[in-house]
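K.L.:
Before we start, here is the structure in question, set down as structure tokens.
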Amino acid sequence: MKELNNKNPFKTPEAYFEGFSERLMKKLSEKEIDIPNNEGFIVPNSYFEGVHKNIRQRLDAEDTKVIPLHPFKKYYFAAASIAAVTLVILMFNQNTSKEITFEDIANTDIENYFEDNWSDFSPYEIAEVVPVDELEIRDFMSNTLNDDIILNYLDNNTDEFEELNLEYDE
Amino acid sequence: MIAEDTLVQDLQHPETLSQAFEVLVDTYKQRLYWHIRRIVLNHDDADDVLQNTFIKVYKNIKGFKGESKLYSWMYRIATNEALTFLKSNARKLEIGSGELQDRMLGNLKADVYFEGDAIQLKLQKAIAKLPEKQKLVFNMKYFEELKYTEISEILETSVGGLKASYHLAVKKIEAYLKEDT
């Protein structure tokens, strides 16, 4: 145990301690890199003396441009307010009329809609999505005809009933 | 120096506006100029933006409610004007903000109103690499020597956030300046 305590297993380079102070002092004297306080920007001579004058000139130039527009502006505002009041009155009047329904849409508008929006579909494709089986001939007619009118028409326009080849249930 | 409240009152009355505006410009022109110059780098651009800033102040002073201090309101306008100027420049040139910064730094070498040496040019490069917020905070704290409370009012950010931004900015700039030196 005694032998073990007396032996230091670590070594230092030769003459390490002799040169230590010198190396430390050298490191301390090395300058830290500081961020410069001066950025190097300069301005033209007497620049700041003329700042107010330059701004004043620009403001005056802008003012003279704006003056001629003022009288027109008043008319614009008057015209705009009259138009706004008229619009509001019209809107209130329109609100009293009934709501727009499908019946109010012109047929041409519907046709145009389909022409513009369904152009990529063939009639067969459209037929697939429209339930044709459930439709009656009357769905396509604007006026429904009662039986008396139909019989009168046939009376006047056909010579013989037989020609119609009607089938009787009898 | 004229009290801010009195100056605002004078600016909001047509009879006293002209004279008060002159006082306003003389009081703030240098501070606002350097704030803008550090964002746009070039003198002519800084002059344009400074004039636009004061014109905006002149036109909007009637609507100034005094919810913030006058100088922080003007700093905010100056910051927005300068950043908008850079963005519209980038749009005109059809380049990104990074490329615009590179061009601005490239132009700095030939700028007659830049007398910086190699280390000052490197400093500008280091600042240019910072995110926008850190850049603003660093310039306002380090060069313009504004207090955190003042910067907080101008940039509408918490003091804690500003301190963190400034700390990060300083670390990044120091690291960049140490590279290859």
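K.L.:
Can you give me the span-like helices of chain B, meaning DSSP H runs with 30 Å or more of Cα extent along the axis and Kyte-Doolittle mean at or above -0.5?
P.N.:
Flagged H segments are B:14-40, B:70-93.
K.L.:
Starting from the amide H of A:PHE41, placed 1.01 Å from N in the peptide plane, find each other amide H under 5 Å away whose residue is 5 or more places distant or on another chain.
P.N.:
B:GLU115
K.L.:
Return the subset of B:LYS65/B:LYS92; B:LYS56/B:LYS163; B:LYS69/B:LYS135; A:LYS53/B:LYS87; B:LYS59/B:LYS87 for which the Cα-Cα distance in this structure is over 32 Å, preserving the input order.
P.N.:
B:LYS65/B:LYS92
K.L.:
Within the stretch B:1-90, report the trypsin sites (Lys or Arg not before Pro) that DSSP leaves as loop and that have at most 11 other Cβ atoms within 10 Å.
P.N.:
In loop regions of the stretch B:1-90 (DSSP not H, G, I, E or B), the sparsely surrounded trypsin sites (Lys or Arg not before Pro) are B:LYS65.
K.L.:
Would you list B:LEU41, A:LEU145, B:LEU17 from fewest to most Cβ contacts within 10 Å?
P.N.:
With the sparsest Cβ surroundings first, the list reads A:LEU145, B:LEU17, B:LEU41.
K.L.:
Would you work out which of B:SER88, B:GLN124, B:ILE77 lies farthest towards the positive end of the dipole of the stretch B:42-137, given +1 charges on the beta-carbon of Lys and Arg and -1 on that of Asp and Glu, about the Cα centre?
P.N.:
After comparing all options, I get B:ILE77.
K.L.:
In what order do A:SER46, B:SER18, A:SER81, B:SER165 fall by count of nearby beta-carbon atoms within 10 Å, going from fewest to most?
P.N.:
Going from sparsest to densest Cβ surroundings: A:SER46, A:SER81, B:SER18, B:SER165.
K.L.:
Could you tell me which GluC sites (Glu not before Pro) in the stretch B:53-156 are loop residues by DSSP with no more than 11 other beta carbons within 10 angstrom of their beta carbon?
P.N.:
Listed in order of number, the matching sites are B:GLU67, B:GLU94, B:GLU145, B:GLU156.
All of the numbers you see were taken from the coordinates with simple rules; none came from a lab. The structure displayed is predicted, hence computed values, not measured ones. In this analysis, Cβ positions are derived from the backbone assuming ideal geometry, glycine residues included, and neighbour counts consider all displayed protein chains.
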